[in-house]
Amino acid sequence: MKTKVLFLFALLLSLQVQSQSNSTSSITNTKGWKNLFGEKLEHAQYDPTIWKDSAGVLTASKDESIWSTDMYDDFILDLDFQTANGTNSGVIVHATEIKEWIPHSVEIQIADDYSEVWGKADATWQCAAIFGHQAATNKDLKRPGEWNHYTITCIGKKINIELNGRLVNECNMDDFTSSKKNPNGSNIPGWLYNPMSTLALHGHIGLQGKHAGAPIYFRNVKIKTL
C-alpha cells in the first residue's frame with residue numbers, strides 16, 4: 001500500500017511539472033483567450049519595417065514597441081520570451097500613451113540577468129521587476145537562447161507576475177505614491193515622473209523591441225479579459 005501511495009504521489013508531481021513546463025498551451029487553450037495582436041498582427045500598431053513575425057516568433061530590429069490596438073483594464077496576459085546575450089526589453093501594461101509611454105505606463109522588465117551589465121544592475125532593473133519600482137524574488141530565469149514563460153495578471157491596481165510557473169512579484173500600485181522614492185526608500189528613475197498610484201488602468205499593452213543593442217523574441221502572446 002505504501003509503495004502504491006508513493007507511486008501515485010510521484011505521478012501527480014510529474015504531471016504538475018509537465019503542466020508548468022507546457023503552461024502556454026494548457027492555460028490558453030481554455031475558454032476566453034485570444035491572440036493579443038491577432039492571427040496576422042491585424043490588431044497591432046507597429047512599424048512593419050522593424051517588427052517581423054517569423055513562424056509565430058516576433059522580433060524587432062530597433063528599439064520600437066509593438067502595441068495592441070485595443071485598450072484593456074483587467075486581464076491575464078500569457079506569453080513566452082527568449083533573451084539573447086545582454087537583452088533588455090519589457091512588457092508594457094496600462095499605457096495611456098504609446099508615443100511617450102515610459103512615464104504613462106507600467107513596465108514588467110525583461111533582461112538577461114546572466115549578462116555582466118544586467119546581472120550587476122539594480123534589482124528593479126532586472127528580469128520580472130516592476131521596472132524602477134519593485135524587484136522580483138524567487139526567480140528561476142532561463143539562460144539566453146531558452147524560452148521563458150510569463151503570466152501577468154492585472155486586476156485593478158494589483159499586478160501579479162509569474163515567471164516559468166512561479167509567482168515572483170506581487171505589486172499594489174496604490175503603495176507607490178511618490179515620483180522620487182519607492183516605499184522601501186529606494187530611488188525611482190527620474191523619467192518615471194508620474195507616481196504609479198496615479199496611473200490610469202485603461203490602456204494599451206505593448207512589447208519593447210531591440211533595446212540596449214540585443215534582440216528579444218516573443219511567441220504565443222495571448223490575453224484573457226477579466
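Couple of notes before you dig in:
- Just one of the numbered conditions (1) more than 13 Å from the chain's Cα centre (by Cα); (2) within 22 Å of Tyr217 (Cα to Cα) is not true of Ala128: (1).
- Filter pass, Asn182 being free of Cβ contacts under 8 Å to residues at least 40 places away in the same chain and closer than 17 Å to Glu107 by Cβ: no
- Only one entry in Gly90, Gly38, Gly56 is buried (at least 16 other Cβ atoms within 10 Å of the Cβ) and of a type outside the set (A, V, I, L, M, F, W, C), namely Gly90.
- Tabulated pairs, region 46-65, first in contact (Cβ under 8 Å) with a residue 24 or more places away in the chain, second assigned to a loop (DSSP other than H, G, I, E, B) and acidic (Asp, Glu), C-beta under 6 angstrom, 6+ apart or interchain: Ile50/Glu64; Glu64/Asp47
- Odd one out for Thr30 among (1) farther than 28 Å from Ala214 by Cα; (2) in a helix (DSSP H, G or I); (3) among the polar types (S, T, N, Q); (4) at pLDDT 50 or above: (2)
- The set of residues from region 99-121 being acidic (Asp, Glu), over 13 Å from the mean Cα position of the chain (by Cα) and closer than 19 Å to Gly213 by Cα comprises Asp112, Asp113, Glu116.
- Positions within region 82-97 being under 23 Å from Leu226 (Cα atoms) and in contact (Cβ under 8 Å) with a residue 12 or more places away in the chain, in sequence order: Gly90, Val91, Ile92, Val93, His94, Ala95, Thr96
- Evaluated against (1) modelled with pLDDT under 95; (2) within 23 Å of Ile155 (Cα to Cα), Asn194 falls short on exactly one condition, (1).
- Candidate set from region 146-176 (those that are of a type in the set (S, T, N, Q) and touching a Phe, Trp or Tyr at 6+ places or on another chain (Cβ under 9 Å)); member that is nearest to Tyr72 (Cα to Cα): Thr153
- Those residues of region 106-117 which are touching a residue at least 12 places away in the same chain (Cβ under 8 Å) and either out of contact with any Leu (no Cβ under 7 Å at 6 or more places or on another chain) or under 16 Å from Leu163 (Cα atoms) (or both), in sequence order: Glu107, Ile108, Gln109, Ile110, Ala111, Asp112, Asp113, Tyr114, Ser115, Val117
- Note on region 59-75: residues that are under 16 Å from the mean Cα position of the chain (by Cα), over 22 Å from Thr153 (Cα atoms) and surrounded by 20 or more Cβ atoms within 10 Å (Cβ to Cβ) amount to 0.
- For region 99-122, taking the residues that are small (Gly, Ala, Ser) and out of contact with any strand residue (DSSP E or B) (no Cβ under 8 Å at 6 or more places or on another chain), the one that is modelled with the lowest pLDDT is identified as Gly119.
The values are calculated or read from the model by the stated rules, or taken from the named source; none is laboratory data. Model, not experiment: these values are computed from the prediction. Please note: Cβ atoms are built from the backbone with ideal geometry, for glycine as well, and neighbour counts cover all protein chains shown.
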